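Working notes, structure below.
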Amino acid sequence: MRQIFGYTDMGKQRAMNQDAYHFDIGAYPWAVVCDGMGGPRAGDVASGIGVDVITRTIERGLRPDMTENSVRTLLVTALATANTSIHVRAGDDEACAGMGTTAVCALVRGGLAHIAHVGDSRAYLITPESIEQVTRDHSLVQALVEQGQLTPEQAKVSPDKNMI
């Protein structure tokens, strides 16, 4: 039985929810989550554009005869196209200047989950025995951990932990 659940939370520091998501549990289940950034500078617009563009790209491009490489290319193309759309809107609309979004997208085909992401939105593998993070944050703090300048424990409390 396939199940996908979606839930968003604006967190403790925001006056509005800047999260957006979409999923499809068809023949090839997939999901996308975008978390807007930019504070009051239209993070909700960026995440909405991200989800819309990624959804359209996947729906147009997904075919039963795809190879693993073509699935990977589809997800990367979806993220890149969303990035371009967000960048164009931010340049065209002063109210959206500086907006952005993180994104994580997963598509399951043949028992294999293909995952593409940008920023600090994460994908986890959840089994009855464990919860395992399967993506690596694209963030300043993650880079400092990888360089040995911070421990994972220090990273959790770093004032820069949300800088991507």
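The values are calculated or read from the model by the stated rules, or taken from the named source; none is laboratory data. Note that the structure is a prediction, hence the values are computed from the model and not measured. Here Cβ is always computed from backbone atoms with ideal geometry, including for glycine, and neighbour counts include all displayed protein chains. Accessible surface areas use protein heavy atoms only, side chains included; no ligands, DNA or RNA. Shrake-Rupley method; radii C 1.70, N 1.55, O 1.52, S 1.80 Å.
Side notes on the structure shown:
- For the chain, carbon and sulfur atoms together expose 54% of the accessible surface, with a 1.4 angstrom probe and every protein chain in place.
- Between GLU59 and ALA80, the C-beta separation translates, for a Förster distance of 22 Å, into a calculated FRET efficiency of about 0.85.
- Paramagnetic reach from SER130 in segment 137-164 [backbone N under 19 Å; point 7 Å along Cα→Cβ]: 137, 152-153
- Solvent exposure of the chain amounts to 62 Å² per residue of accessible area, where only protein heavy atoms count and the probe is 1.4 Å.
- Placing unit charges on the Cβ atoms only, positive for Lys and Arg and negative for Asp and Glu, gives segment 91-162 a dipole magnitude near 300 debye about its Cα centre.
- Between segment 38-95 and segment 96-114, the C-alpha centres lie 8 angstrom from each other.
- Modelled label positions at LEU112 and SER158, each set 7 Å beyond Cα in the direction of Cβ, lie 3.3 nm from each other.
- Mean shadow area of the chain, taken as a quarter of the surface of its Cα convex hull (nm²): 11.1 nm²
- Over the chain, DSSP H runs of length four or greater, each weighted -39,500 (n - 2.57), average out per residue to a 222 nm ellipticity of -11500 deg cm²/dmol.
- Using a cutoff of 8 angstrom between alpha carbon atoms and counting only pairs six or more residues apart, the relative contact order for segment 1-142 works out to 21 percent.
- Our coupling estimate for segment 67-72, obtained by passing each phi through the Karplus curve with A = 6.51, B = -1.76, C = 1.60 and θ = phi - 60°, is 7, 4, 5, 6, 5, 4 Hz, Gly and Pro reported as x.
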